[in-house]
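Data first, discussion second: the structure below is written as structure tokens.
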Amino acid sequence: MEVIGDLPRELFLEILLRLPAESLMRCKYVCKYWHSLITNPKFIQLHLNYNYNNNVCVLLKRCLVTCLGQKENLLSLVCGNGFSFENLDVDLSLYRKEPCLQLLGHCDGIICLSNYRDYILLCNPATRESMVLPESCLPCYPWIRNLISQTTGLGFGYDAKSHCFKVVRIVSYWEELRGSNLPHFSRAEVYSMGTDSWKEINVTVPAHVRYSPCFETYFNGAFHWYAIDDNGNEVILSFNMGNEEFQVIPMPSFISMHDHSICRSLLVWNDCIALVIYPERGIEKSFEIFVMKEYGVKESWTNVLTIGPLTRVERPLVFRKNDEILMEGSHGQMMSYNLRNKEVKDLPIYGVPKSFSTLVYVNSLVSVKGGNQMLDQRDNTGIFL
């Protein structure tokens, strides 16, 4: 049997698959053979699959205040059963000095960030590779008087059919003198990593995206936003990355959704969409969790759990495990709540209040520049050493 040093090649492969991407980026410069192996698309896929099965973490973006009183962004990873965390050293244009930079989505180790104005960035924090997307292809309609445009929705995901990462952008247009809270009309465009370009899609945007804390979620090959339809109903607007079509998903009908003192957050729990309802203000808060057991079916919404009442808790952030949810405290600290024993823990992670955003994250070697074509999930057999 051929060996590498004193190790069989199959064992050498198993060792490499267990290394984080940061270490593998250094290992690929050891020799030509290691470089060829680590940059092989099949190895990249195997490494990604291993981390999905064994090393899922939470990526956290928060703001800190410097000694000069300025706000700076910080990315951190929360991993392990003991809540170990590490701050990520990323060098991104506008990253630190743009306090309104939003963490939009994650897919296969790549994250999407934007200031919702003129700046959309794809980044792999593990490889420190990043790319600013080209300018929009949508017109600003400067020739129409009193018409203004605004980016109201952004989403990031993966098209499993074409094996391509995509960003969807919704631009809404208002007439300044119309006096309506709803836009005059909206248009949509899609960026494809395969072509490194935007294209407008000829579809109707069936609802109008509104901000709701911790709501924007990528799940089941689609990105989801909180939205209002033309009849004034609160809905979930989704965009399928594969067929590039929008879908309106109804909210549960048995709860009062038009109370503006109530917040709504959308999370993923037990491989299902979970809607969390909780009061915007109050010393004590209770969090009702509704699960859509059959995706897209209104009748499948089920009230499965109520958390609390809890003190010092501001809002839910992400389910770290099936029995554990991370939450933001009222004074800008991260907390965890165990669903089994109902225990609340303060974590040694702090930031500017309401600046927290989180994503379930895996460490990967996947390139943001499209250099590594992702393989079909079924095509991961065979040893290529």
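Solvent exposure of the chain amounts to 48 Å² per residue of accessible area, where only protein heavy atoms count and the probe is 1.4 Å. With axes computed from alpha carbons, what is the tilt in degrees of helix 41-54 against the longest principal axis of the chain, rounded to the nearest 10 within 0 to 90? Tilt of helix 41-54: around 60 degrees.
Of all accessible surface on the range 184-241 at a 1.4 Å probe, what whole percent is carbon and sulfur? C and S atoms contribute 43 percent here. A full extension of the chain between R18 and V304 corresponds to an added length of 99.3 nm, given 0.36 nm per residue minus the alpha carbon distance.
Once a ≥ b ≥ c are taken as the square roots of the eigenvalues of the Cα gyration tensor of the range 282-362, is the result rounded (a/c under 1.5), prolate (a/b larger than b/c) or oblate (a/b not larger than b/c)? Judged from the Cα gyration tensor, the range 282-362 comes out prolate (a/c at least 1.5, a/b above b/c). The spacing between the range 161-225 and the range 311-329, judged by their C-alpha centroids, is 28 Å.
Placing unit charges on the Cβ atoms only, positive for Lys and Arg and negative for Asp and Glu, gives the range 215-364 a dipole magnitude near 600 debye about its Cα centre. Against the empirical curve 2.2 N^0.38 Å, the C-alpha radius of gyration of the chain lands at a ratio of 1.04. With a simple spin-label model that places each label point 7 Å from the Cα along the Cα-to-Cβ direction, the separation between S261 and S286 comes to 1.5 nm. For K354, the aspartates and glutamates whose Cα comes closer than 16 Å to its Cα, not counting residues fewer than 8 places off in the same chain, are E72, E98, E216, E280, E314, E328.
May I ask which of K28/K166; K61/K199; K42/K161; K285/K342 have a Cα-Cα span longer than 22 Å here? The answer is K28/K166; K61/K199.
The values are calculated or read from the model by the stated rules, or taken from the named source; none is laboratory data. Everything numeric in this text was worked out from a predicted model, so none of it was measured. All Cβ positions, even for glycine, are placed from backbone atoms using ideal geometry, and neighbour counts span all protein chains on display. All accessible areas refer to the heavy atoms of the entire protein, side chains included, with ligands and DNA or RNA removed. Shrake-Rupley method; radii C 1.70, N 1.55, O 1.52, S 1.80 Å.
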